[in-house]
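S.K.: Okay, handing you the structure first.
The values are calculated or read from the model by the stated rules, or taken from the named source; none is laboratory data. In this text, all values refer to a predicted model and were calculated from it rather than measured experimentally. Using ideal geometry, Cβ is built from the backbone for each residue, glycine included, and neighbour counts are taken over all protein chains shown.
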């Protein structure tokens with residue numbers, strides 16, 4: 001019994017290293033992350049904060065892992081991330097504008 005368990009663990013590790021499958025919780029997270037991005041038009045940063053994972057993990061889940069699990073869902077999530085990326089400079093500019101307009105009002109009083 002113990003030998004069979006060890007053998008199964010070694011087989012699982014070998015398959016995982018070869019990239020033949022992902023651990024179930026990683027697959028589930030990748031699908032949840034993509035669904036969140038699609039349903040809320042969330043950015044990578046917002047998604048990472050919501051799920052308590054790094055931005056790198058969000059990106060890897062959507063661009064690599066999800067492609068193996070559900071290519072259609074991966075494509076939809078990637079489209080939204082591409083749109084967010086193309087708008088990134090605008091959001092940054094608006095945030096900077098708001099930051100300095102708020103500071104200006106405070107400094108004048």
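S.K.: Taking residue 32, is it surrounded by 11 or more Cβ atoms within 10 Å (Cβ to Cβ), at negative phi, assigned to a helix (DSSP H, G or I) and modelled with pLDDT of 90 or more?
M.R.: Details: surrounded by 11 or more Cβ atoms within 10 Å (Cβ to Cβ): yes; at negative phi: yes; assigned to a helix (DSSP H, G or I): yes; modelled with pLDDT of 90 or more: yes.
Against the criterion (surrounded by 11 or more Cβ atoms within 10 Å (Cβ to Cβ), at negative phi, assigned to a helix (DSSP H, G or I) and modelled with pLDDT of 90 or more), residue 32 qualifies.
Residues are listed down the side, and each one gets a yes or a no for (1) exposed (fewer than 15 other Cβ atoms within 10 Å of the Cβ); (2) assigned to a helix (DSSP H, G or I); (3) touching a strand residue (DSSP E or B) at 6+ places or on another chain (Cβ under 7 Å); (4) modelled with pLDDT of 70 or more:
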site	(1), (2), (3), (4)
50	no, yes, no, yes
80	no, yes, no, yes
85	yes, yes, no, yes
99	yes, yes, no, yes
105	yes, yes, no, no
